[in-house]
Structure formats: structure tokens, C-alpha cells
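Here's the structure we're looking at; comments come further down.
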Amino acid sequence: MAYSVEIDRKWQKKWEETNIYRFDKDNLDKKLYCLEMFSYPSGAKLHAGHWYNFGLTDSWARMKRMQGHNVFHPQGFDAFGLPAENFAIKTGIHPKDSTMQNIATMEEQLKRMGATFDWDYEVITCLPEYYKWTQWIFLQLYKHGLAYRKNAPVNWCPSCKTVLANEQVLDGCCERCSSEVTKKNLTQWFFRITKYSQELLDCLPDLDWPEKTKKIQTNWIGRSEGAEIEFKVADSDLSFRVFTTRADTLYGVTYVVLAPENELVDKITTDTCRRAVEEYRNTVSKVSEIDRLSTVREKTGVFTGAYAIHPLTGERVQIWIADYVLAGYGTGCVMAVPAHDERDYEFATKYNLEVKRVIKGAEGIDDALPFTEDGFLTGSMEFDGISSEEARLAIVKKLESKNAGELKVTYRLRDWLVSRQRYWGSPIPIVYCDKCGTVPVPEDQLPVELPYNVVFTPDGESPLAKCEEFINTTCPSCGDPARRDSDTLDTFVCSSWYFLRYPDNKNDKEAFNRELINKMLPVDKYVGGAEHAAMHLLYARFFTKALRDMGYLDFDEPFLSLVHQGVILGPDGQKMSKSRGNTVSPDEYIEKYGSDVFRMYLAFGFSYVEGGPWSDDGIKAIDRFVNRIERLIIKFASEKGSAGSDQFGSDEKELNYVRHFAIKSATDDIEVFQFNTAIARIMELVNALYKYDALENRNIKLMEDTIKDAILLLSPFAPHFAEEMWELLGGGYSVFNQPWPAYDEKALVRDEVEMAVQINGQVKYKINVSSDADNQQIEEAALTDERADGYIGGRNIVKVIVVKGRLVNIVVK
RNA sequence: GCUCGUGUGGUGGAAUCGGCAGACACAACGGACUUAAAAUCCGUCGGACUAACCCUCCGUGCCAGUUCGAGUCUGGCCACGAGCACCA
């Protein structure tokens, strides 16, 4: 039977019946946790991108399994989230119904992929058995001060009608729907991820992650070393602190600026300036976030009428408010040094404020103002002449002695806003009581179930707020009537710990057993899209560290090794989308060619981390390749009994060389996700087998062993086909219980090697030398070759460089 | 604006520590088989020069440099992509 989707079904059935991919719980010493980022069960089916991620990671896992690892390879669904809810608003189909239906479809499709998933460990985040523990983790974070509620200006997406975390805002727009994000003052729940800023940074270097991803996280955390310096408000008891990385320019301060939102503004503004200040604050509040963050917009501000006292000189400097100072970073106040900061310079020029130079450039350096580089101090009293670098420490030291400042590290990372004014998510397990205030739901009352019958037309208010039987409850503490929190949790909360739940997904006593996950985690290989660099991957690291510090697990990082698959584009080289009409539907190709052909094309046609455009010609080529192998094996199976020779001459040596070279290369390449070159080596092996098969007198034993190795090498990419071929050759079930082939070092040594001979670095001719020849002999062979004199042409040989097995370079003059 | 990444035939993509550029495929072209087509098999396949082969020369975005030797290392530039962006 020629390979087709029928073969797929035959072996999928057999695998299921024999439970071949069941994880062995009793052999944890050899465990290998291989994980793909779980998928969101959207209305559509599995797309080419899912296949690329899941199918090829499965190929990697299959090799690992054959190499003797006890592979843990679970699957699940990130099932809460906005698309299902929006779909419901449009069609009236309840999110729970559509989601569970989609999950059933995707499970079927995933099974048809023929992967090694052990479905016993499935996790679905929207089921109460799961989100009970999401809520439990929320309560632990709350107890340890890592979850808190505050009123703050937050990102609001007017189209999604919910708040967003900083990470979900791209260029001032909603990450999901691209609407412009506005600011809104709301009381919301936050997770204190900033407590881990430094550790999140410190652990990055040791992770086997793409450098780019580590860089993104480093930028996102944004560590900045500087100083906090105190300024007193003149004629008042008030004071405030500024954050600066340029304490060396302190003597150049000619005014200070507060963010318009700063609380101090009301208290210090003088009566004569009050109207102007109020007006300005009003204007600023109307400017959109995008405009406010624009660097090209002209800076504006107003004088408050108040003065601050310079901490070292005692001078009075004006206090301004201006919208180029951000309320949320540092202290929300800056000292302005127009001579040495471009923004301050622009502002000072516009409003005629003093510009005072305190830094000179080194000799020969253009230090025209504004001069923002390091240099040497001037006009800075006893610090004159020393370098910026020294001054930053010396000046802060002096401030310290006067109790007016100290060194300070600031991070750009903000706490993670987790409340969402939407329906389809995990309820927040908190009750508000008039008497007792904020009361956590007792653990034995979890889960706080998400009610089914809810009107979820989005109007900016949480749908749950309008569900009387949900919202009205009694206070767990005093028993009086009380109200539940009506928001739900950001779905990134659910996905921040699912990898911890997989190994212990049926545990109904705890989120996960500590002893078990200490053995099962960290994840050894994690594969998924690069778009999660600053969101999921950062949140999951935070959760792991927080759970560790709360005593629930004993490792520092969730994912030791990370790979991002590239993106498969449409045949036109554009991103696949329904509106472009360039999507590739895996199901159709699988019906036509079988799932192995589909998977193998994805492996061969692209550099894994790059991705690229889909090609129908490419998949046809793989179909031909599979047929070519099948013809060879069917022919061989029919001739297997016939007598062959046991000779081991040069033809056999050559075949054996290609065989072992393929084993070595494919093994190395699969290990590092270079599937395209691994398959190229297998193709070479098949070509060599064809060549050998055409000979009169063949060594049948060698041929059989070689074909079997070829099947084994192919099996991770074409699991169904490999089973079929293995069976055809009389191998026992299953090919996946065979050990991965090992290469023989001796077979890789050829009797003779071809080497290039260069004259002055240019290849002129080739010579064959015995592979055990030493450098002396190789040099001699190159020089005594009949072609040598023609190229040397009587010139002097300056030197001869021999690179064993590669080339000889004769340098002549 | 700052930071990082990428740039190789008609196409997808290879190339170890600086060592024969273009593996493996696709497409194209020529041939064999066939009544014919499909399938299959064999051959050619970076460019210039050439009737053709050899030879020679050029060739990994561009310009320099280091080196016996550079796709690979260094400096500068160009293009594309990504991340950050009034972060004090």
C-alpha cells in the first residue's frame, strides 16, 4: 500500500491502542520535558504555523525518545480570552460552548498529526479544575503582598472595552485590535513583578535562549543606575526627590520640573499661577498618549510660582510643570540641566530659562551646548576638573553626608495590571465587604465559578457586575452581605503557570505537588513564537520565582532552553491571512499527501528559526522523495531473500561512508533544530542507496542495515511512513522502540581524500592523497604533481600551507 | 534618534574554528523510455569570455582593511526587518 493518509490512520490507531507514547512516571531520572507553547482554540482550525511549531518539535522529541530519554510531551489549551467572547457577541454562541467545540476539533487535528503527545496530561485553562488553582495562586500572591489593588491611570482600549497591561500596548495602540489606547483612572489589581526586576535580569545570561529574546527582556526591564536627590521647596516644609543618571551636572541645574500629574503640584502652586497651572493640566489630560509620547512634538510647560532650594548651592530655582516629564518613571520629577540635556535645552530656550555650563569636553572635542556627553567639571566648586564619572560618585557622597540624596537604581518595568473588564476569564477570588473591606475568598471555597448565564455586551463595565447571583454574596469573614470583584484575570495569568500543572494535572488537593514538579521541571526544551518575548515569557519567569519564594517549588527558572520557530508565509511571501486569500490549509494537503509529507516539507523547505514562503512545488518534491524511498524499499523487500555477496570493496565502503555520515550529521542537526540539513543528508543517503542498488553484485546484508538506518533517521519526520516501511522489512513493532542509530567513526575515514591545491590562495587543481598521509607527504604530492610547474612558473616558493583533508596553499613570489 | 539582527544563483536554502562558495532540493533546459501523456531514469544548470570544450577572469549588498587564504574577522556606508523610544 503506497503511503497515504490511510497509512497515517493505521498507525495512529495502533499507537493509541498500545499507548506507546505514555509517559513513564516511574523513571523520572531520565525525564525530558519537551513543551510547545499551548494554543489558543480560536474559531479557525490548526494552521500551518501550529504544524510548524508542534510537528517539528515533535520530531525533535521523537529523536530524544529513541535516544533513550523519558520524554514528557503534553498538550493543552489556553482557553480563556477575548476572541471567544467577541465571537459570542457577534453570533450569540456562548464562549464556553464555542471554546469547548473548538478544543474538540483541534484535539482531533492534533491527533491526526501523529505526534507523541500524552493526552492524559491535558490542561484546559477555562475549566474550573484548572482556574481554581489560578485563583489559589492569586490568593497566595495576595497574602505575600505580591498582589495589590490601587487606583492609577491605566491603559484603556476603547474598542476591547478593557484595561491592558503595559506589555499589551504597542506604540500607543492595543496589541490585539490596534485601536488607540487612552488613559483612565481606575482601581485595579496589580502583580508586583517589579520586586523581581533585578533577579529577572540576573538570571538571563545563563539561559539557553535566543540572544534577541534576552535583549528584549533586558530592554523591557530597563535598569538604569543613577541617584535620587532631594530638593526642598522654598518657604515651606515640603520637599521632593528627583532621579538622575547625571548627578555630575548637579551644579548646572537652573530649574526643576514636575510631571503635571504630580500630587505636589496643588500644594506648591502660588495663587497668581494657579489659573495657568490648572489650565495647563487640563490641556495635558486631553492630549492623547500617542501625541504625548511623540519626541518631535514641541515641549510645553508652565511655571508654578514656587521655588526649590538647590541642595548644594542653596540657590533658588523655579519649579515648573511640563508634560515631557513622565509621572510613572523614577520619582516623576527631574532636575533640569539645559546645558547638558537636549530636552531641557529645548525647553529652556523656549521659555528663556538660564543655561549654565558645568561640563567641558576633553581637549579637541566639540562641546558646543547642549553637550550631553561625559567630560570634565567646571563651575562646580570643589569638583572642578574631575571627570563626569568620578563626579557622579563624589557629588552623591557629599549629598549623602547632608542627607540629601543617595545612589539609586531605577527600572522601567512596571507592575503587571491583571484586572480585565471582560467576561471570559477567571474570576478574581476577592469579596468586598462594607465592614471588613477587601476579603480574600477562603481557599476551601475555591473555585469562584464563572457563571454561565451572563449578559456580556461590552459597555466598559464588567459583565459580571450585572450578574446579580454572582456579584451578591456574603462576607466570608463576618457573614454580612458583600459583593464579589466583578473583573476577571488577564489570560496571561492562566498561561503563567500551566507548565507547572501539566505533570500533576489531576491533582485535586493542590495546584501541583512540590516534590513531583521539582523532579519534572524546569522545562528542558520550550518552543514557541517570538512574539511572547516580553509578555508570556516574562510573566512565567516571575510566577516561577514568586512561587519559589513562597515555598511551593525549588527552581529559579521555568524554561532552560528556548527556541522560536519562524513564520510560514503565504506563497506570495506575505503574512497568511484570510483577507489576502493566501492561507494554506493543512487538512487539504494531508488528505492529498499524508501528514508525513506535510511535516517533512515543513522540515526541509525552511530554516526553522527563519520560516519563509510556502511553496506547492516544494511539497510535491517531498511527495516524490517519499515515493522514491518506498520504491527502493519495496524492491529490496522482494529481493531480500536472494543471495548476495559478502564483499566489502570500494562501493561498499562508499555506501557505508554516506550512511555513517548521514547518521552523524542528521543527529547533530536535529539536536539544534536544523531540520532542513538533516533531511538533506538523508536524501544523500537515499541517493547513495539507489546508486548502490544499480550494481550487479550487492552486499545484501550491508544494504539491509543501511536501509534500516535510513528508516530510523527518517522516522522522526515521517513517523507513520517509517512504521510502515519498518514493518515491511520485518522489523518488530515499533520503529520508535528502536535505539537511535550510532555512527561508526571508522566508517567516516576514507582511504583517499581529494584536496584542493591553491597557488597564492586560488584553487588551481585537485589531488588525491591517502587519508593517513602527513603534512610532509601532502606537500610533496602537491608539489610533485605534473600540473604544479605550470602554475609556479619558476617563481620562488615562499611557503606551503597544508590544511589536512582540505587544501594545500603554495605561496610563490 | 538609539540598540540589535539580516543581506549568498531564476527560487527555497547549505557552507565546522578563517580553508575548494552554492550541499540538498525546486524551477528551467536537453536526452532516454512511451503510440502518446504522466510517472520514472540520465545529463546540463552563478556570470563573463568561447562555435564548443579547456583556459582565464569576475562573483556572497557596497567600499576599505587584516591574512598565505575572508560569505565568515575589523572599520565605514547602503537597504530591509525587529526591539526601545521625552525613561531624566
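The values are calculated or read from the model by the stated rules, or taken from the named source; none is laboratory data. Just so it is clear, the model here is predicted, and its values are computed rather than measured. Every residue, glycine as well, gets a Cβ built from its backbone with ideal geometry; the counts of neighbours run over all protein chains shown. Calculation scope for accessible area: heavy atoms of the full protein, side chains included, ligands and nucleic acids excluded. Shrake-Rupley method; radii C 1.70, N 1.55, O 1.52, S 1.80 Å.
Of note:
- Condition met for A:PHE648 (open to solvent by 60 Å² or more (accessible area, probe 1.4 Å), farther than 30 Å from A:SER771 by Cβ and aromatic (Phe, Trp, Tyr)): no
- Residue in segment A:431-442 that is at pLDDT 90 or above and either within 16 Å of RNA strand B (Cβ to nearest atom) or among the acidic types (Asp, Glu) (or both) present: yes
- The number of residues in segment A:158-178 that are farther than 24 Å from A:THR194 by Cα and out of contact with any Pro (no Cβ under 7 Å at 6 or more places or on another chain) comes to 6.
- Flag for A:SER98 being touching a residue at least 24 places away in the same chain (Cβ under 8 Å) and surrounded by fewer than 22 Cβ atoms within 10 Å (Cβ to Cβ): yes
- Taken over segment A:368-401, residues that are more than 20 Å from A:ILE229 (Cα to Cα) and of a type in the set (A, V, I, L, M) amount to 3.
- Some residue of segment A:260-283 being open to solvent by less than 20 Å² (accessible area, probe 1.4 Å), under 17 Å from A:VAL334 (Cα atoms) and under 36 Å from the mean Cα position of the chain (by Cα): no
- Hits in segment A:661-672 - residues which are surrounded by fewer than 21 Cβ atoms within 10 Å (Cβ to Cβ) and either of a type in the set (Phe, Trp, Tyr) or touching a residue at least 40 places away in the same chain (Cβ under 8 Å) (or both): A:PHE661, A:LYS664, A:THR667, A:GLU671
- Set side by side, the residues A:GLU346, A:GLU363, A:GLU298 differ, and just one is surrounded by 13 or more Cβ atoms within 10 Å (Cβ to Cβ), farther than 23 Å from A:THR270 by Cβ and either over 37 Å from the mean Cα position of the chain (by Cα) or within 15 Å of RNA strand B (Cβ to nearest atom) (or both), which is A:GLU346.
- Strands (runs of 3 or more DSSP E) enclosed by segment A:165-279 - at least 3 residues per element that are among the acidic types (Asp, Glu): A:223-233
- Criterion violated by A:ASP751 - all others in (1) more than 11 Å from RNA strand B (Cβ to nearest atom); (2) acidic (Asp, Glu); (3) free of Cβ contacts under 8 Å to residues at least 60 places away in the same chain satisfied: (3)
- Segment A:615-628 residues that are closer than 15 Å to A:PRO571 by Cβ and touching a residue at least 24 places away in the same chain (Cβ under 8 Å), paired with ones that are open to solvent by 20 Å² or more (accessible area, probe 1.4 Å) and near RNA strand B (Cβ under 7 Å from one of its atoms) (beta carbon under 7 Å, 6 or more apart): A:SER615/A:GLY605
- Filtering segment A:226-253 to residues that are more than 13 Å from RNA strand B (Cβ to nearest atom) and closer than 23 Å to A:VAL358 by Cα leaves A:GLU230, A:PHE231, A:LYS232, A:TYR251.
- Residue selected from segment A:435-488 under the condition of a type in the set (Gly, Ala, Ser) and in contact with a strand residue (DSSP E or B) (Cβ under 9 Å, 6 or more places away or on another chain), by the criterion farthest from A:GLU85 (Cα to Cα): A:SER477
- Leading residue by the ranking (surrounded by the most Cβ atoms within 10 Å (Cβ to Cβ)) among those in segment A:584-599 that are in contact with a Gly (Cβ under 9 Å, 6 or more places away or on another chain) and over 12 Å from A:TYR52 (Cβ atoms): A:ASP596
- Residue ID - nearest to A:ASP271 (Cα to Cα), chosen from residues in segment A:301-338 that are aromatic (Phe, Trp, Tyr), open to solvent by 40 Å² or more (accessible area, probe 1.4 Å) and within 15 Å of RNA strand B (Cβ to nearest atom): A:TYR324
- The residues of segment A:621-645 that are within 14 Å of RNA strand B (Cβ to nearest atom) and open to solvent by 80 Å² or more (accessible area, probe 1.4 Å), listed by number, are A:ARG624, A:ARG631, A:ILE634, A:LYS635.
- Tally of residues being touching a residue at least 60 places away in the same chain (Cβ under 8 Å) and either loosely packed, with under 14 Cβ neighbours inside 10 Å or in contact with a Lys or Arg (Cβ under 6 Å, 6 or more places away or on another chain) (or both) across segment A:493-509: 1
- Per-region count, segment A:717-745, residues of a type in the set (D, E, K, R) and under 18 Å from A:SER665 (Cα atoms): 2
- Some residue of segment A:217-227 being out of contact with any Leu (no Cβ under 8 Å at 6 or more places or on another chain) and within 20 Å of A:ARG412 (Cα to Cα): yes
The rows are residues; the columns are (1) more than 13 Å from RNA strand B (Cβ to nearest atom); (2) in contact with a Leu (Cβ under 9 Å, 6 or more places away or on another chain).
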site: A:LYS664; (1), (2): no, yes
site: A:VAL672; (1), (2): no, no
site: A:LEU695; (1), (2): no, no
site: A:ASP709; (1), (2): yes, yes
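- The combined condition, being in a helix (DSSP H, G or I), under 22 Å from A:TYR608 (Cα atoms) and in contact (Cβ under 8 Å) with a residue 12 or more places away in the chain, is fulfilled by A:TRP51.
- Residue pairs whose Cβ atoms lie under 7 Å apart, sitting 6 or more positions apart in sequence or on different chains, and linking a residue in segment A:778-792 that is open to solvent by 30 Å² or more (accessible area, probe 1.4 Å) to a partner that is basic (Lys, Arg), are A:TYR791/A:LYS764.
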